[in-house]
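Please read the structure below before turning to the comments.
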Amino acid sequence: MEERVLSPFPPGDYDVVVVGTGPAGLQTSYSLSRAGVGNHALFSADDAPGGMFRRFPIFERLISWTKPDAPCERHSREYERYDNNSLIADEPEARGLVAGFMDRSFDVPARGEMEAGLADFAVRAGIQARYGCRWTGTRREEGGFVLETTDGEYRCRVVVFAIGMTDPWTPPLNGAEHATHYVDTGSAESYRDKRVVIVGKRNSGFELASGLLPWASELTLVSPRAVDISVLAQSPLRARYLQPYEEYVRGSAGTYVLDGSIVGIERGADGFRVTADATTWDGRLAFAGDEVILATGFRVPLGDLRELGVVTVMNDRVPALTRFWESVSVPGIFFAGNITIASRGLAKDGVAANSSSVNGFRYNARVLARHIGERLGIEQPRPKLSGEEVVPLLIDELARGPELWIQKGYLARVVSFAGEGISDEGVVPLEHFVDGGGGADAAAVAVEMSGNGTIYPAVYVRRGGELAEHELDPHPSRAFDGDSYRRDVERLLRPLLALG
Amino acid sequence: MAEVQDVLARLSLFADVPPAQLEAIAHRFDEEVFPEGERVLRKDLRGSGLFVILDGEAVVRIGDEEVTRFGPGEFFGEVSLLTSEPPNADVVALTMLRCLVIPGPDFEPFLLEQPRVLYRMLQAEARRLRNTTEWKSGS
């Protein structure tokens, strides 16, 4: 009881409340503090930091890599491009922490190593959180919200839900009740010599199949959507879990990866019978299994937020979000973490941001914190630049800026040219810049990827309210700080620099 | 909100697509919601896609002038994809707008895989062309 009394952030009034102590909650709390929003609370129902990494992935290996050694110092900003798993900080001692826990048996961390890195970040970055405090309900109130929790009521102007996509989601399937969801998958040994049918061919489906390859006697993966190798080439999934798919493509016995819409799952005397209508050819498929696992994904545990008016997308699985990750229908309710994938941005050529993984959403959280700070009237720093500093800054960002390289086509570095001089506006969503971003004369740079996987630098120039888009040439070693790029950026910005 | 697949099944564009393939389409492409007033398609900006309206209304604007409106079941963005040129107008959400988005690089393969959708799209284009012609001839 005494410990509870000493817990930080007791129920009460705050400017901002952050719910969740996984990577997104920790990063958001850290970034809010740096954005001057000191009066915020952070709590979760868990009893320690780490969020979903305290439990998932089931087969213990992440899909996103970290290089413990890189051509730059581990605690530098530049190192962030070599480390897709650590949270980000201003202080060197709180940067690049996950690498320190990796035993180097793989290029990706184990679940426990990731969890340890997050806990270490909380300590080194001095993040306080109230644990064991469960959010149970939400009300609107004049000027904000009331969050009901097991510890009492929190009043706030703005709330950030960093609660992950953690509720098992099952599509309406005949016989789904006979199957086990991914979250309830048993130990690998428990599938020894069994025929296992996995419904789903995204990350979790292939993760299970890969983990069960040494144990199951037969594996069948089925879902309506065909595996698209061209998409997978740009995904970490390819390197990590594609062995079951490769086995199937080669015609190896005992592993099948099929495109079909499930008609039903029936229980019989000797196991299950799964039927599916093929989606990439005509016909009906039927296969037998001793176990059926639904790797059909997750949804956000929104609690009563739908009743509050939060509109959702993706078959009601995630909230529909603005470019600053605010509910499109309930202003003041923001989301952080892998939920931010619901804000697609420009998605030029259909290329998605990395917002569903730590490497991407850690930057979203920092942009979000600045945005919330401004919403609350806390002015954010916008360092003044001389005319000579502009092109070197933008060229350096194009060549090395981790936000731009990891959130391709999604986050941009912006410099404004207003009456009072030239300002470094920092990193903002590219979509925000393109659609006005305040309307002043300004330039933005972004690293983009085309539909066929070509990576190139892009420069956007707004002058007199007119926006121009310039896509520069790619480079085989992605050296976007070469002379030709410098000349291009100088040429494109010349009219603005003449004004500034 | 109903399942995306069920909404698609009610749209004439997808009227000839069998349920299993409709489910695959709903799995393959993302649904996106735009708040009122937000730009969906941007004049002169490359790399967009085909937007099929599931719910809500959108307006085509050139400058401050409203050119036309689109409602549930209608689509936009195809002209830019077919001509490989950036859109020549903005399309803005008039209400909260829910769309299925088929990214540009997927547009041609998708239509070739689904010739009945292609035919329905051509019919819709023909109706748009006829309406424009009738409007221009004053009939």
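Quick note: the coordinates plus some simple rules give every number you see, no bench work behind them. Predicted model only: the values in this text are computed from it and were never measured. Every residue, glycine among them, receives a Cβ derived from its backbone with ideal geometry; neighbour counts consider all protein chains shown.
Structural remarks
- GNM on chain B, alpha-carbon springs under 10 angstrom: the most fluctuating residue among B:Pro105, B:Pro72, B:Pro87 is B:Pro105.
- Phi-based couplings in Hz for segment B:15-29 (Karplus 6.51, -1.76, 1.60; Gly and Pro marked x): 4, 9, 8, x, x, 4, 6, 5, 5, 5, 5, 5, 6, 7, 10
- Segment A:192-350 - Rg over Rh from alpha carbon coordinates, Kirkwood radius: 1.05
- Dimensions of segment A:88-166 based on its C-alpha atoms, expressed as ranges along the principal axes with the largest first, amount to 52, 28, 19 Å.
- Rg [Å, one decimal], Dmax [Å, integer] - chain A, C-alpha atoms: 24.1, 81
- Electrostatic tally near A:Pro171: other residues with Cβ closer than 11 Å to its Cβ, Lys and Arg +1, Asp and Glu -1, net -1.
- Across segment A:328-437, Cα pairs under 8 Å and at least six residues apart give a relative contact order of 25 percent.
- The phi-based Karplus calculation (6.51 cos²θ - 1.76 cosθ + 1.60; θ = phi - 60°) puts the 3J(HN,Hα) values of segment A:183-195 at 5, 9, 4, x, 5, 4, 4, 5, 9, 4, 6, 10, 8 Hz, whole numbers, x for Gly and Pro.
- In a simple Cβ point-charge model (Lys, Arg +1; Asp, Glu -1; nothing else charged), chain A has a dipole of about 340 debye relative to its Cα centre.
- Segment A:111-158 and segment B:76-105: distance between their alpha carbon centers, rounded to Å: 39
- Packing here is the average count of other Cβ atoms within 10 Å per residue, and on that basis the peptides A:268-280, B:26-38, A:330-342, highest first, run A:330-342, B:26-38, A:268-280.
- Computed over Cα pairs, the Kirkwood radius of segment A:10-124 leads via Stokes-Einstein (0.890 mPa s, 25 °C) to a diffusion coefficient of 166 µm² per second.
- Whole-angstrom Cα spans of segment A:351-484 along principal axes, big to small: 42, 34, 24
- Amide H contacts under 5 Å for B:Asp90, placed H, 5+ residues apart: B:Lys43, B:Arg61, B:Gly63
- Test item: B:42-49 mean partner chain Cβ contacts at 10 Å: 6
- Of all aspartates and glutamates in the structure, the ones whose alpha carbon falls short of 15 Å from that of A:Lys194, not counting any fewer than 8 places away in one chain, are A:Glu218, A:Asp270, A:Asp290, A:Glu291.
- Rg over Rh [alpha-carbon atoms, Kirkwood Rh] for segment B:21-139: 0.96
- Set A:Lys67/B:Lys43; A:Lys67/A:Lys408; A:Lys67/A:Lys201; A:Lys384/B:Lys43; A:Lys408/B:Lys43 screened for pairs whose C-alpha atoms are more than 30 Å apart: A:Lys67/B:Lys43; A:Lys384/B:Lys43
- Pairs of Cα atoms nearer than 8 Å and 6+ residues apart set the relative contact order; for chain A it is 13 percent.
- Axis angle, to the nearest 10 degrees, between helix B:115-137 and the longest C-alpha principal axis of chain B: 20 degrees.
- √(5λ) per eigenvalue of the Cα gyration tensor, segment A:381-446, largest first, Å: 18, 15, 8
- Inter-chain shielding of A:338-346 (mean C-beta neighbours from other protein chains, 10 Å cut-off): 2
- When peptides A:43-50, A:366-373 are ranked by their average number of other Cβ atoms within 10 Å per residue, the highest-first order is A:366-373, A:43-50.
- Table column - 3J(HN,Hα) (Hz), segment B:50-60, Karplus curve with 6.51, -1.76, 1.60, x for Gly and Pro: 9, 10, 10, 6, 8, 7, x, 10, 10, 10, 8
- Cβ-based exposure ranking for A:Tyr256, A:Tyr363, in which fewest neighbours within 10 Å come first: A:Tyr256, A:Tyr363
- Between segment A:302-316 and segment B:38-62, the C-alpha centres lie 24 angstrom from each other.
- Computed packing ranks the peptides A:62-73, A:16-27 as A:16-27, A:62-73, most packed first, by mean other Cβ atoms within 10 Å.
- Computed over the alpha-carbon atoms, segment A:300-342 gives an Rg to Rh ratio of 0.90, Rh here being the Kirkwood radius from the mean inverse distance.
- Peptide A:462-469 shows a mean partner chain C-beta count of 2 within 10 Å per residue C-beta.
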